[in-house]
Amino acid sequence: MNEPGVQSLMDQETLERRVRNGETPAWVAAHWNSFRDGLLGERNGTPFPCFFGAESVQQGEPIYTAVPSMSDADALLTLRDRVLEYLESYRDHADRASLVTFFKPPEEPLSEREYHDALWHILQTLHCHDPEPWPEEIPTDPDDPHWEFCLGGEPMFPTCRAPFYDQRKSRYCPIGLEITFQPRALFENLGVTGDTEAGQRARDVIQDRLEGYDGVCPHADLGDWGVEGDREWPQYMLSDDESQAPDACPITVTRAHPKPGARLP
């Protein structure tokens, strides 16, 4: 961690120092300032809805990396390596050590549909080049309520901020795409999964804050993992305009390992 280079893993102290000293590209500094201000600030007199995320940033717990492209194969393979490196170390770093990933913004503004396409291209690439098999206990069909994205044998919840959110400012980033990877084990260790009393209380608090912060009702796709009728994948990048969001999950998951044709090192 904290090696030189834009695609290294950085703890929050290192990221802040590099931004302050002008050692990062301008887009990384802009991402960090937007992320920090969004999670630690208020809107409509309401703090950021996810109090776990806000408290973790306040305590300097997340781990960060930056990716210079949403589509370049080498950049995404390096992201794969950084996520795997993170999975090996986050438990020893902090209780709420999610991985926050800043992507270099495109040269021209993208539509909501294009951001959905970019997200699923990234996740599909990570899956196709996963050095570990898909976990046996996780279904491969995204329409199963127990499906969730996995990498390196770890189920996780990737959640996005992007520029197209006109109303849901809790998901808004004016710079470009951000993905925060949160392993399921992180929620389990905190005792706040959806099947626990603490998890349900946390969900109620977050939903109340969402309505105040965003000024609109919580999104209809928000739900709990494993609950019949709820699906995990639409929550990764909530729709703002339903006509631009995918109707079915645009990822193909297989248990074949290694993947045929995958360019593994």
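The values are calculated or read from the model by the stated rules, or taken from the named source; none is laboratory data. Just so it is clear, the structure is predicted and the values come from calculations on it, not from any experiment. Note that each Cβ is placed from the backbone with ideal geometry, even for glycine, and that neighbours are counted across all protein chains shown.
Here Leu76 clears all of (1) free of Cβ contacts under 8 Å to residues at least 40 places away in the same chain; (2) under 20 Å from Arg161 (Cβ atoms); (3) not hydroxyl-bearing (Ser, Thr, Tyr) except the condition numbered (1). Answer yes or no as to whether Pro246 is modelled with pLDDT of 90 or more and either of a type in the set (S, T, N, Q) or surrounded by 15 or more Cβ atoms within 10 Å (Cβ to Cβ) (or both). The answer is yes for Pro246.
In the range 93-128, what residues are within 19 Å of Cys249 (Cβ to Cβ), in contact (Cβ under 8 Å) with a residue 60 or more places away in the chain and either assigned to a loop (DSSP other than H, G, I, E, B) or of a type outside the set (Phe, Trp, Tyr) (or both)? Outline the logic, then answer.
As a first pass, look at the range 93-128 and keep what is within 19 Å of Cys249 (Cβ to Cβ): 112-128.
Among the residues that remain, those that are also in contact (Cβ under 8 Å) with a residue 60 or more places away in the chain are: 112-113, 115-117, 119-120, 123-124, 127-128.
Correct list: Glu112, Arg113, His116, Asp117, Leu119, Leu123, Gln124, His127, Cys128.
Within the range 105-113, is there a residue that is within 22 Å of Pro218 (Cα to Cα) and either under 16 Å from the mean Cα position of the chain (by Cα) or not hydrophobic (A, V, I, L, M, F, W, C) (or both)? Can you show your working first?
Initial filter on the range 105-113 (within 22 Å of Pro218 (Cα to Cα)): 112-113.
If we keep only those that are either under 16 Å from the mean Cα position of the chain (by Cα) or not hydrophobic (A, V, I, L, M, F, W, C) (or both) too, we end up with 112-113.
Yes, some residue in the range 105-113 is within 22 Å of Pro218 (Cα to Cα) and either under 16 Å from the mean Cα position of the chain (by Cα) or not hydrophobic (A, V, I, L, M, F, W, C) (or both).
Summed over the range 81-117, residues that are crowded, with 20+ Cβ neighbours inside 10 Å and either modelled with pLDDT of 95 or more or out of contact with any Asp or Glu (no Cβ under 7 Å at 6 or more places or on another chain) (or both) total 14. Can you tell me how many residues in the range 204-239 are at pLDDT 70 or above and either in a helix (DSSP H, G or I) or in contact with a Phe, Trp or Tyr (Cβ under 9 Å, 6 or more places away or on another chain) (or both)? Total satisfying the criteria: 19.
Taking the criterion of being among the polar types (S, T, N, Q), buried (at least 17 other Cβ atoms within 10 Å of the Cβ) and in a helix (DSSP H, G or I), the residues of the range 24-66 that qualify are Ser34, Ser56.
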